[in-house]
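In what follows, a structure is listed as structure tokens, so that the remarks can point back to it.
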Amino acid sequence: MLRWQRHKRILLCALALIVWADIAQAQWVLLARRAIGRVEQMSQTSQDGKTTYDTATVMVEVPVDRVYDTVQRSVRAAQGITITNEDPAARRIQFTNGTQIAGIQAISFGDNLTQLMVSSAHSNAPNPPTSIIVERIIATCKDMNVECSRAP
């Protein structure tokens, strides 16, 4: 009898943990959905001032494979861009224009929820790529018939 009660308690605890995890995941997805189409960006310079790192990200309601395929086509078609590394399994592509390096990754958050993340590094380039990155993200969204805009 004691053994059955112990199993019952363990089963109830496991069930409660599973339900709690599903609720937490659902809240995360709900939060992500509120940010859909809003391109966020950040720029940071190293302490010595020689290198600047730029990052931009957007959530889109598009399957991750479609996002990655669109990005891949866009990078391959871009003039003056050389692909330096490609990892289709991770949906990541890295490239350079000779003076700046960048990488793009498409990350799945569910069936039709994808985060597109772009990062770049450059050494005192005359034209910081942050605005270029954001414009490319917006153009990629347009290619997928998705509305994206800069965050306020």
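The values are calculated or read from the model by the stated rules, or taken from the named source; none is laboratory data. The shown structure was predicted, so the numbers you read here are calculated from the model rather than taken from an experiment. Using ideal geometry, Cβ is built from the backbone for each residue, glycine included, and neighbour counts are taken over all protein chains shown.
One residue alone among 53, 68 is aromatic (Phe, Trp, Tyr) and either outside the structural domain of residue 142 (by TED's automatic domain parsing) or in a strand (DSSP E or B) (or both), and that residue is 53. Can you find even one residue in the stretch 32-43 that is surrounded by fewer than 16 Cβ atoms within 10 Å (Cβ to Cβ) and either more than 24 Å from residue 149 (Cβ to Cβ) or of a type in the set (Phe, Trp, Tyr) (or both)? No, the stretch 32-43 has no match at all. Here the condition is being surrounded by 15 or more Cβ atoms within 10 Å (Cβ to Cβ) and free of Cβ contacts under 8 Å to residues at least 40 places away in the same chain; of 93, 138, 133, 107, it holds for 93 alone.
Of all residues in the stretch 67-90, those satisfying the criterion of being touching a Ser or Thr at 6+ places or on another chain (Cβ under 8 Å) and of a type outside the set (S, T, N, Q) are 67, 71, 81.
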